[in-house]
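Everything on this sheet refers to the single structure shown next.
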Amino acid sequence: MNKQKFIDKFMAAFVLLAMFKIIGIVAQLFHESFWSVVGTLVIFLVVAFIILLVITSLKDKEQNERNAQKRGGGGGSFYLETSLFDRIRNKYEELAEKYIAEKDYKKAAKVYMNLLQDNYRGAKTLENGGFYNEAAAVYLKKLKNKSDAAICYEKAKQYKKAIELYKEMEQKEKVGDLYKEINDLKNAHTYYQMVADDYTTNNQMVKASLVYRKKMEKTDEAQKVLLKGWEEDKDAFNCLNNYFANIFDVKKLESEIQNLYKKTPDYKKISYLEAMKHEFKKDPKLQTITKNIAYEIIAEKVGTRSEIVNELKYFNPDDEVILKDISRFKTGRNKMFRN
């Protein structure tokens, strides 16, 4: 077959293919509204015109391509096919961008999905245009993407549909959030409890406490799980720190600091000392109790941990005398060990 006949047959076949594509898509639109069908026909008339322009443009280059083939050998038909498809694809891209610029997101989405075979960009275009239900349908049916579909249903305020998808994905906290959004507190708390139980099972006591306190508004339950974490050495220091942070009455906090210290085993006292450094700065009314506890811990531990005297400066930040005493103590200890 000579080159000209190949080109003519290829182009005729391509145009025929494009026509069948148009007919097929229009056939799928019989159940849509009249104006929707008209809009789709307009898109594909534009597409047919683009194909005609591309083919005409490529024919103008045919003689140069033939001459290049004579000089360099084969490869002409491959070049023509590649160039043709690239040019048509670029025109489709330009058409989609034009529709987006005109805020005609549905037409742009059809170009992406039907002509460029890019369902993701079609769905994202619908989402960006605020057509959340339509975008969700594409994410779900064509892309099997439950996560993005659920987000779109949520944006569309189709909360029950979103809830079902989040349940399938086992995103329990999100399910609780959406039940709370529709004022179904019973179901919301059921799912929040599942989340808190999961965190507790995995020794993530602070996270469990946040679910109780912020999602369920159960401060007492939050405090119980934090105390459990402190007592059972499950992220102990952070549990203690958050436990104190959740007590806003200064007198009650002062009492709790003292009571908890009495129950603190020896191996946890360094952690308790760290917590006292935070509480000391919180309120002037807490400085006496926190300083006394700190001094007691330092006195107990200095024999085996001489560096602990440095902690005194956190409870006496402006006391030059005690800072000098710390320095002299460290110097004396160093001399003793050298001797």
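The values are calculated or read from the model by the stated rules, or taken from the named source; none is laboratory data. The shown structure was predicted, so the numbers you read here are calculated from the model rather than taken from an experiment. So basically every Cβ, Gly included, is an ideal-geometry build from the backbone, and we count neighbours across all protein chains shown. Keep in mind that these areas ignore ligands, DNA and RNA; they rest on the heavy atoms of the full protein, side chains included. Shrake-Rupley method; radii C 1.70, N 1.55, O 1.52, S 1.80 Å.
Condition test on Glu256, is it within 29 Å of Gln204 (Cα to Cα), in contact with a Leu (Cβ under 7 Å, 6 or more places away or on another chain) and outside any loop (DSSP other than H, G, I, E, B)? The answer is no for Glu256. Hey, could you check region 197-241 for residues that are out of contact with any Leu (no Cβ under 8 Å at 6 or more places or on another chain) and of a type in the set (Val, Ile, Thr) and say which is nearest to Tyr179 (Cα to Cα)? Step by step, filter region 197-241, then rank; the result is Val211. Checking the structure you have, find out if any residue of region 217-233 is open to solvent by 60 Å² or more (accessible area, probe 1.4 Å), at pLDDT 95 or above and at positive phi. So far as region 217-233 goes, yes, one or more of its residues are open to solvent by 60 Å² or more (accessible area, probe 1.4 Å), at pLDDT 95 or above and at positive phi. Looking at region 103-132, which of the residues that are open to solvent by 60 Å² or more (accessible area, probe 1.4 Å) and assigned to a loop (DSSP other than H, G, I, E, B) is farthest from Tyr166 (Cα to Cα)? Here the residue is Lys103.
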